[in-house]
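The values are calculated or read from the model by the stated rules, or taken from the named source; none is laboratory data. No experiment lies behind these values; they were computed from the predicted model shown. Cβ placement follows ideal geometry from the backbone for every residue including glycine, while neighbour counts extend to all protein chains displayed.
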């Protein structure tokens, strides 16, 4: 089994990267691989817990929550979080931790593969 | 004097559209024109009032606040606000109103010029 | 307040960004005011890929059917199709195929343009 | 945990998006771990515009000087410059100019790649 | 009243192709639009670029002779005098 | 272990130009990368595309013969077997 690291730099909805990242990470977890994901730049908008849209039963934060439930470790860049006014991630779904680039450096030294989206 | 309408569809930081929109709108207001701006899609991330970044004295929300202070009318798309988990814009700077596309339709029928960024 | 005519261009392909669908939601929105502004939608460049027959339109069907009921013209640029090697027979019949010159004529006649 | 080598490509030009500077912040960050990973930065395609002498580097200078102090190689692809009609004399001396083949050699030797 | 094409790089080419047929086209290059290959400029159009966007990219000396730099105040005047054709 | 090029459209061409020199290149087209002109495919590389991304864009019949569709589970296997060269 392998350890997969992800860096996601785009937010929910507007561009497709969040979906691709969730799809790859989910498939990896289901095959028994480990997943560590770092949310950087607009990537930190993905786990905001209050996302609601009448027509969409599954929101981006639900896809992130699914990864957490399957064992993914998810860290958001604190400088990016504060720059975007997200108050240290107080409105994030449970399981998403706010950290910094040193956490990403640690992911880099731990994983077998690195995917940036 | 003219009435200028703007639609901004990108958020702060990541792409340059918010800066161009603020620069054009500010120059227009200083020349005595009227400005009405509609924040659509990721555009609704711009007026979040808690944005903080150590090295940057002026944040995107400060540029938006400057436009409000100079008389711009700014409306954010409510569906976009809720989809992004921004709780009806409760964390927006004062002066930014949450509305809907009918408000944009009204802007369209009121303004002399329309700029989409 | 007066009725306005707006030409909306869609320049980005499905689905790499959300503009292919949110551009149509905006098109419906623009026509929703008390003054019932008039909208034309034009697909240019990579946006033209949206007009291919096989595209999954689950999330755009409702906007397209509202626009069609209102008589909104949905247009794709002939040259964009040619540059991409797309045959006219591959295009969904909802879309009119027009050359650049005629699209410019439409642009000359509208009050405003918007780009997605 | 082990020391890792990472090749970071910067593909987007300044300043239309924030990647030209946040890519460098990430580069500094990657080297900040206890294991001191090793980073190489390579400018490709439109990213190569960042290496022009006249570019305003107010917000990137601190990252560039940290990287230089650490001995990080900053490389720009020769073919990208040629395609854009940029002469080698127009490039800031901080950047090495390398052909695609040598960039691929570097890529073969690193553990990971990242793109901005 | 002519047509003012506001052009960024991502799909500005779509706008420039329309402007090629437009006898009254005025083009304003904004953001990464200032990197656009001059071969794509419409033949008869007047071409402007936002000075601030050119300067921070270090392109002052590389700008094509046909391009005239303007500031935001001048852009607002052009917006007021023309119909805005948005491609940014 | 070969190199797995993850290619989207925006600047995927930068990756494909490297892959052209790479005897062990495996290319996976993702998102709008499936629109990329086959003339840009590296000569010797094996080319895959994400099935889901091809299908929702209605490109099944337009896909080049050289391209083989795979799902995310197969992509994960390729990621594990190769070094990932990111261009998405």
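Within segment B:77-117, the set of residues being in a loop (DSSP other than H, G, I, E, B) and more than 20 Å from residue E:79 (Cβ to Cβ) comprises B:84, B:85, B:86, B:90, B:91, B:93, B:94, B:95, B:100. Checked against (1) within 13 Å of chain C (Cβ to nearest Cβ); (2) at pLDDT 95 or above; (3) farther than 17 Å from residue D:9 by Cβ, residue F:61 meets all criteria but (2).
Is it the case, given these coordinates, that residue A:116 is buried (at least 23 other Cβ atoms within 10 Å of the Cβ), within 14 Å of the chain's Cα centre (by Cα), under 28 Å from residue D:31 (Cβ atoms) and modelled with pLDDT of 95 or more? Taking the combined requirement at face value, the residue satisfies it. Please verify whether segment C:74-95 includes one or more residues that are away from chain F (no Cβ under 14 Å), within 28 Å of residue E:2 (Cβ to Cβ) and out of contact with any helix residue (DSSP H, G or I) (no Cβ under 8 Å at 6 or more places or on another chain). Scanning segment C:74-95 turns up no residue that is away from chain F (no Cβ under 14 Å), within 28 Å of residue E:2 (Cβ to Cβ) and out of contact with any helix residue (DSSP H, G or I) (no Cβ under 8 Å at 6 or more places or on another chain). In segment A:42-57, the count of residues that are more than 11 Å from every other protein chain (Cβ to nearest Cβ) and modelled with pLDDT under 95 is one or more. Taken over segment E:15-50, the residue count meeting the criterion of being assigned to a helix (DSSP H, G or I) and more than 13 Å from chain D (Cβ to nearest Cβ) is 6.
Just to verify a result, which residue in segment A:100-113, among those that are in contact with a helix residue (DSSP H, G or I) (Cβ under 9 Å, 6 or more places away or on another chain) and surrounded by fewer than 18 Cβ atoms within 10 Å (Cβ to Cβ), is farthest from residue B:90 (Cα to Cα)? Across segment A:100-113, the extreme among qualifying residues is A:112. Mind listing whichever residues of segment C:21-58 are modelled with pLDDT under 95, over 16 Å from residue C:8 (Cα atoms) and touching a helix residue (DSSP H, G or I) at 6+ places or on another chain (Cβ under 7 Å)? Of everything in segment C:21-58, those that are modelled with pLDDT under 95, over 16 Å from residue C:8 (Cα atoms) and touching a helix residue (DSSP H, G or I) at 6+ places or on another chain (Cβ under 7 Å) turn out to be C:33, C:35. Is at least one residue of segment C:51-61 buried (at least 21 other Cβ atoms within 10 Å of the Cβ), closer than 20 Å to residue E:14 by Cα and within 12 Å of the chain's Cα centre (by Cα)? Yes, some residue in segment C:51-61 is buried (at least 21 other Cβ atoms within 10 Å of the Cβ), closer than 20 Å to residue E:14 by Cα and within 12 Å of the chain's Cα centre (by Cα).
All of F:3, F:86 fail the test of being buried (at least 20 other Cβ atoms within 10 Å of the Cβ), away from chain C (no Cβ under 14 Å), modelled with pLDDT of 95 or more and under 26 Å from residue E:9 (Cα atoms), apart from F:86. Just one of the listed residues (A:95, A:71, A:89) is more than 9 Å from chain D (Cβ to nearest Cβ), in contact with a helix residue (DSSP H, G or I) (Cβ under 7 Å, 6 or more places away or on another chain) and closer than 23 Å to residue B:15 by Cα, and it is A:89. Number of residues in segment A:6-21 that are within 10 Å of chain F (Cβ to nearest Cβ) and either without any contact (Cβ under 8 Å) to a residue 12 or more places away in the chain or not in a helix (DSSP H, G or I) (or both) equals 3.
Looking at segment D:16-36 only, could you name the residues that are more than 14 Å from chain E (Cβ to nearest Cβ) and out of contact with any strand residue (DSSP E or B) (no Cβ under 6 Å at 6 or more places or on another chain)?
Narrowing segment D:16-36 to residues more than 14 Å from chain E (Cβ to nearest Cβ): D:22-36.
Across segment D:16-36, the qualifying residues are D:22, D:24, D:25, D:26, D:28, D:29, D:32, D:33, D:34, D:35, D:36.
Within segment E:64-73, the set of residues being touching a strand residue (DSSP E or B) at 6+ places or on another chain (Cβ under 8 Å) and more than 7 Å from every other protein chain (Cβ to nearest Cβ) comprises E:64, E:66, E:67, E:68, E:69, E:70, E:71. Among the numbered conditions (1) on the phi < 0 side of the Ramachandran plot; (2) surrounded by 18 or more Cβ atoms within 10 Å (Cβ to Cβ); (3) part of a loop (DSSP other than H, G, I, E, B), the only one that residue E:58 does not meet is (1). For the criterion of being surrounded by fewer than 24 Cβ atoms within 10 Å (Cβ to Cβ), at pLDDT 95 or above, in contact with a strand residue (DSSP E or B) (Cβ under 7 Å, 6 or more places away or on another chain) and closer than 24 Å to residue A:15 by Cβ, residue F:27 fails.
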